[in-house]
Amino acid sequence: MNLYLESGYLDMESIIESGYPFIFVPAARGTGKTYGTLKHHLQKGNKILLIRRTKTEAELQAKVESTAYKTVFDDLGIDEWGCTPCGSAGYGTVQIRQGDEDIIVAYVSALNTFANIRGIDFSDVDYIVFDEFIAEPHVRKIKNEGMALANLYESVNRNRELKGRPPVQLLCLANSVNMANDTFMYFNLIESAERMLQEGIEWMELGNKLLIIPQHSPISEQKAETALYKAVANEFSEMAIKNKFILNDFTYVQRRSLAEYNCIYIVGDLCMYQHKSRQEFYVSFSKGKTKEIYTNGYADLQRFRRERWRFAGYYLDGLIRFENYRAVALWEKYFAL
């Protein structure tokens, strides 16, 4: 599988044609992930379901003035095309004119409203593209995004595999802002992403999932010399050029020997340990012995936050260490931080 084209942009054709049912590509800005994806599917004649997080974002993709398809059509010399806006049905379309027919190339919908769609059969869709699946800091996240995405996939895929058809391919694209995003958590990708960044690995096979984190993009290296990236704060450049997850602090991700700690309680998948001789705590996935157990159900998490509220302060004071960043992400989720 090729990761980059000779031009330096991401080789989305090679990535898509790898055939994995689930592909995740958090990549730097302007590396060709969305453009390359739409162009590939258009040229192959593949009808896609294009997903954005909110209805407002989806509506922009179903307007001729703002759809991401506009540049693709221009570059391919396609003049006769149009959009059907998202309406009460919950989805819009992008279509091209072929002879006397308008051919749909993409359905467009939103993750937070997809469950309300009525009266459409997606059996002709073999590809789902979730663009901007990691929310930018200024964008409002929706609750349980990972579960919502899994439900969307199930609605489109249905029982086609039981009938001998290949599964729908889900391709998730985004800028590398937050490793602790809900999709990474739901699809168990945080530990793998952490390892890839530590070891400089750009792609990793994980069963029927493919995780790609480009770290040596030729285009990004060229963009570093342009006006914007010479002017903006280093934090923005770290995300947009170097593909760093800027919202994640790894300072307190430090493995500890459990022999130095006592288990004091379990919450969900995490176990909280207290150091035997100093005021320090450690969060691990290794379960110790304790009678203090909270499940990750709604009621138990509410009880956990009420009874263990001091630990939110300990966390903010830097008194807690974590086995890995997945533990940090779950801890923040359990405490609703």
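The values are calculated or read from the model by the stated rules, or taken from the named source; none is laboratory data. Just so you know, these numbers come straight off a predicted model, no measurement behind them. Using ideal geometry, Cβ is built from the backbone for each residue, glycine included, and neighbour counts are taken over all protein chains shown.
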Q.
Cβ-Cβ under 9 Å, sequence separation 6+ or interchain: first residue in the range 86-97 and not assigned by TED's automatic domain parsing to the domain that holds ASN116, partner part of a loop (DSSP other than H, G, I, E, B) and surrounded by fewer than 23 Cβ atoms within 10 Å (Cβ to Cβ). Which pairs?
A. none
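Give the range 115-160 a look and list any residue that's among the β-branched types (Val, Ile, Thr) and either in a loop (DSSP other than H, G, I, E, B) or within 14 Å of the chain's Cα centre (by Cα) (or both), or say none.
Once the filter is applied, which keeps residues that are among the β-branched types (Val, Ile, Thr) and either in a loop (DSSP other than H, G, I, E, B) or within 14 Å of the chain's Cα centre (by Cα) (or both), the range 115-160 yields ILE117, ILE120, VAL125, ILE128, VAL129, ILE134, VAL139, ILE142.
Out of the range 93-108, which residues are of a type in the set (Gly, Ala, Ser) and either part of a loop (DSSP other than H, G, I, E, B) or modelled with pLDDT under 95 (or both)?
Quick first cut of the range 93-108, residues of a type in the set (Gly, Ala, Ser) only: 99, 106.
Hit for the range 93-108 is GLY99, nothing else.
On the given criteria, is THR93 more than 19 Å from the chain's Cα centre (by Cα) and surrounded by 17 or more Cβ atoms within 10 Å (Cβ to Cβ)?
So THR93 passes the test.
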Q: For the range 122-130, indicate whether the set of residues that are in contact with a Gly (Cβ under 9 Å, 6 or more places away or on another chain), among the polar types (S, T, N, Q) and either within 30 Å of ILE190 (Cβ to Cβ) or surrounded by fewer than 13 Cβ atoms within 10 Å (Cβ to Cβ) (or both) is non-empty.
A: no
**Q.** Search result, residues across the range 294-328 that are among the hydrophobic types (A, V, I, L, M, F, W, C), closer than 28 Å to ALA193 by Cα and surrounded by fewer than 15 Cβ atoms within 10 Å (Cβ to Cβ)
**A.** LEU316
(Q) Step by step: first the residues of the range 289-327, then only those that are within 11 Å of ILE266 (Cβ to Cβ) and of a type in the set (A, V, I, L, M, F, W, C), then the one that is farthest from the chain's Cα centre (by Cα). Which residue is that? (A) ILE293
Q) Hey, among the residues in the range 261-288 that are farther than 21 Å from ARG303 by Cα and over 33 Å from the mean Cα position of the chain (by Cα), which one's surrounded by the most Cβ atoms within 10 Å (Cβ to Cβ)? A) TYR261
(Q) Looking for something part of a strand (DSSP E or B), free of Cβ contacts under 8 Å to residues at least 60 places away in the same chain and surrounded by fewer than 22 Cβ atoms within 10 Å (Cβ to Cβ) - is there at least one such residue anywhere in the range 74-82? (A) yes
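Scanning the range 1-53 for residues that are in a strand (DSSP E or B) and in contact with a Lys or Arg (Cβ under 8 Å, 6 or more places away or on another chain), which turns out surrounded by the fewest Cβ atoms within 10 Å (Cβ to Cβ)?
PHE22
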Q. Can you name the number of the only condition in (1) among the polar types (S, T, N, Q); (2) assigned by TED's automatic domain parsing to the domain that holds ASN116; (3) surrounded by fewer than 21 Cβ atoms within 10 Å (Cβ to Cβ); (4) within 29 Å of PRO218 (Cβ to Cβ) that THR56 fails?
A. (4)
Q) Scanning for something modelled with pLDDT of 90 or more and closer than 22 Å to LEU330 by Cβ, does the range 117-129 turn up at least one residue? A) no
